[in-house]
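Notes follow once the structure below has been shown.
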Amino acid sequence: MSAQNADGAARRTRVRWLIILLLFIITTINYADRATFSIAGQSASKELGLDPVAMGYILSAFAWAYVLGQIPGGILLDRFGSKKIYTIALVTWSFFTALQGLAGIFTGLGAAVALFAMRFMVGVAEAPSFPANSRIVAAWFPGSERGTASAIFNAAQYFALVAFAPLMGWLVHQFGWHSVFFVMGAVGLVAAVVFVKFVHAPTEHPAINTAEFDYIEAGGGLVRMEDKAASNGAAFTWPNVRQVLTSRMLLGVYLGQYCINVLTYFFVTWFPIYLVKERGLSILQAGFTAAAPALCGFVGGLLGGIISDRLLKKTGSLDIARKTPLLVGMLLASLIIACNYVEQEWLVIVIMAVAFFGKGVASLGWAVVADTSPKEMAGVTGGIFNTFGNIAGIVTPIVIGYIVKGTGSFDGALIFVGVHCLITIAAYFLIVGKIQRLVLKPAA
């Protein structure tokens, strides 16, 4: 740690906000890479001869690997630190994103298998990303700012489509579906260079001063987490994992994240296809139209974090601060079912925008993980949380694929998504109980 000012006690630096900005940019690219096939898929499916069920499995391939990689990714983060593992992950997923552009050399079953395999590898590589985000936020932010910081990087999932859906739709329209994968792969590799240059641990960052460091540490920031990454890896024992897996509080959080992610994965997989197949938009129109609900989700995500932190400062209660936005947000998100009962395209987009705004407000799961994870196992606990949450990425695309093929419409799919919003409320209010940091009991 350097760049200490003589008057640092009065004027602290704000390096932590640069760190969260960079995490936001990286996570935007992360989610855009997940959504590449949802934008390019309609055009690719015609060229490659893929039916809705094959599309469902291809769209789910990412999540199969993402889920399987969560706990190993968390172990690697706790053992080797966030920066090293995150950099390797970013380079690897960008490479496999670009590689999907070559899938056109196959057709039919061969194309489906190739795309499944490459999206699977993207999922493996992205697995450590969100647990790493959570660890970095826990290290760089005091508890009173953690909701906002977590909301910022989590809101990137919506901004990804705001920023990249129009671009990807235009690329498909102008240059064909292959170009989407090549361009997004290149963007990721550039981002990796930026990440390596500017993201460091609080104890190693050249721009932070003593005042900011002390402020973060006094507020509960785990500023020396990365310094102890190697020793923290020893905290991974099966008895410790058992404590995490049997905590009623965390089990409720895990269930809530699964249900929230049903909406997330509908949005990043089937939503643009829904606009084309069910609502008759062109691929170019769908790319731009998908950006409207995404923008509302982005705004909701930021507001949810800000409101949560203000409630925490005002009441001192994590329960009130985290659960109140979740309740309001999930009630709004459940309105997605209303799209089944309207015909006007503009009204469908308005309802979707309200639903994704609500989903954004409610998306405080990563803040709750930063609040509740055992200090010795932040990476592993985040990995377990993300494992449960992203099982929805396996289930949702496949179930919706079968619903659409079996019924010929998306009506049942929207009901499936909306019901999960209500289950999220039940999970947090009936199962989680008091939100507090889990303290591991020593081995007998």
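For segment 299-309, check the following and say yes or no: at least one residue is over 21 Å from the mean Cα position of the chain (by Cα), at negative phi and at pLDDT below 95.
Residues of segment 299-309 over 21 Å from the mean Cα position of the chain (by Cα): none.
No; the residues of segment 299-309 include none that is over 21 Å from the mean Cα position of the chain (by Cα), at negative phi and at pLDDT below 95.
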**Asked** Say we look at segment 379-406 and pick out the residues that are under 19 Å from Thr424 (Cβ atoms) and among the hydroxyl-bearing types (Ser, Thr, Tyr); which of these is most open to solvent (accessible area, probe 1.4 Å)?
**Response** Thr387
**Complete:** Here the qualifying pairs (Cβ atoms under 7 Å; residues six or more apart or on different chains; first in segment 313-325 and among the polar types (S, T, N, Q); second open to solvent by less than 60 Å² (accessible area, probe 1.4 Å) and in a helix (DSSP H, G or I)) come out as Thr315/Ala321; Thr324/Leu311
**Asked** Can you spot a residue in segment 268-275 that is open to solvent by less than 10 Å² (accessible area, probe 1.4 Å), of a type in the set (Phe, Trp, Tyr) and under 24 Å from Gly365 (Cβ atoms)?
**Response** yes
**Complete:** Note on Ala132: of the conditions (1) in contact (Cβ under 8 Å) with a residue 40 or more places away in the chain; (2) more than 27 Å from Ala155 (Cα to Cα), unmet is (2)
**Message:** Please go through segment 17-75 and give me each residue that is in a loop (DSSP other than H, G, I, E, B) and either touching a His at 6+ places or on another chain (Cβ under 7 Å) or charged (D, E, K, R) (or both), ordered by number.
**Reply:** Asp51
**Complete:** Restricted to segment 179-209 and to residues being at pLDDT below 90 and in a helix (DSSP H, G or I), the residue surrounded by the fewest Cβ atoms within 10 Å (Cβ to Cβ) is Ser179
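Here's the yes/no breakdown for (1) at pLDDT below 90; (2) over 13 Å from Leu263 (Cβ atoms):
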{"site": "Lys323", "(1), (2)": "no, yes"}
{"site": "Ile336", "(1), (2)": "no, no"}
{"site": "Leu347", "(1), (2)": "yes, yes"}
{"site": "Gly358", "(1), (2)": "no, no"}
{"site": "Trp366", "(1), (2)": "yes, yes"}
{"site": "Lys375", "(1), (2)": "yes, yes"}
{"site": "Gly382", "(1), (2)": "yes, yes"}
**Request:** Starting from segment 270-281, keep only residues that are in contact (Cβ under 8 Å) with a residue 60 or more places away in the chain, then list their pairs with residues that are open to solvent by 10 Å² or more (accessible area, probe 1.4 Å) and among the polar types (S, T, N, Q) whose Cβ atoms are within a distance under 8 Å, requiring at least 6 positions of separation or different chains.
**Result:** Pro272/Gln42; Ile273/Gln42; Val276/Gln42; Val276/Ser282; Lys277/Gln42; Glu278/Ser409; Leu281/Thr289
**Request:** Would you tally the residues in segment 403-444 being small (Gly, Ala, Ser) and free of Cβ contacts under 8 Å to residues at least 12 places away in the same chain?
**Result:** 5
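Yes or no, residue by residue, for (1) farther than 19 Å from Val172 by Cβ; (2) part of a helix (DSSP H, G or I); (3) open to solvent by 10 Å² or more (accessible area, probe 1.4 Å):
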| residue | (1), (2), (3) |
| --- | --- |
| Trp93 | yes, yes, no |
| Thr97 | no, yes, no |
| Ala103 | no, yes, no |
| Leu109 | yes, yes, yes |
| Phe116 | yes, yes, yes |
| Asn133 | yes, yes, no |
**Asked** Which residues, counting only those in segment 244-282, are more than 21 Å from Phe164 (Cα to Cα), among the polar types (S, T, N, Q) and not in a helix (DSSP H, G or I)?
**Response** Thr246, Ser247
**Item:** Answer from Ala139, Ala111, Ala117, Ala125 - the residue that is within 30 Å of Asp309 (Cα to Cα) and not charged (D, E, K, R)
**Value:** Ala139
**Fill in**
Within segment 326-351, residues being free of Cβ contacts under 8 Å to residues at least 60 places away in the same chain and not in a loop (DSSP other than H, G, I, E, B) number 9
**Fill in**
The residue that is surrounded by the most Cβ atoms within 10 Å (Cβ to Cβ), considering only those in segment 288-346 that are charged (D, E, K, R) and more than 22 Å from Gln436 (Cα to Cα), is Glu345
**Complete:** Across (1) open to solvent by less than 10 Å² (accessible area, probe 1.4 Å); (2) closer than 30 Å to Glu376 by Cβ, Leu48 clears everything bar (2)
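Restricted to segment 212-229, and to residues that are part of a helix (DSSP H, G or I), in contact with a Ser or Thr (Cβ under 7 Å, 6 or more places away or on another chain) and open to solvent by 10 Å² or more (accessible area, probe 1.4 Å), which residue is modelled with the highest pLDDT? Outline the logic, then answer.
Just the residues of segment 212-229 that are part of a helix (DSSP H, G or I), to begin with: 212-218, 226-229.
This time we only want the ones that are in contact with a Ser or Thr (Cβ under 7 Å, 6 or more places away or on another chain), so: 212, 226-227.
Next, from what is left, pick out any that are open to solvent by 10 Å² or more (accessible area, probe 1.4 Å): 226-227.
Working: Glu226: 73, Asp227: 68.
Among those that are part of a helix (DSSP H, G or I), in contact with a Ser or Thr (Cβ under 7 Å, 6 or more places away or on another chain) and open to solvent by 10 Å² or more (accessible area, probe 1.4 Å), it is Glu226.
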**Request:** Of the numbered conditions (1) on the phi < 0 side of the Ramachandran plot; (2) at pLDDT below 85, Gly176 fails exactly one; give the number of that condition.
**Result:** (1)
**Request:** Under 6 Å between Cβ atoms, at least 6 apart or on separate chains: pull out the pairs that start in segment 54-66 with a residue that is touching a residue at least 12 places away in the same chain (Cβ under 8 Å) and end on any residue that is buried (at least 24 other Cβ atoms within 10 Å of the Cβ) and outside any helix (DSSP H, G or I).
**Result:** Tyr66/Ala127
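The values are calculated or read from the model by the stated rules, or taken from the named source; none is laboratory data. Source: prediction; values computed, not measured. Backbone-built Cβ (ideal geometry, glycine too); neighbour counts: all protein chains shown. When the accessible area is computed, the model is the full protein with side chains, heavy atoms only, and any ligands, DNA or RNA have been set aside. Shrake-Rupley method; radii C 1.70, N 1.55, O 1.52, S 1.80 Å.
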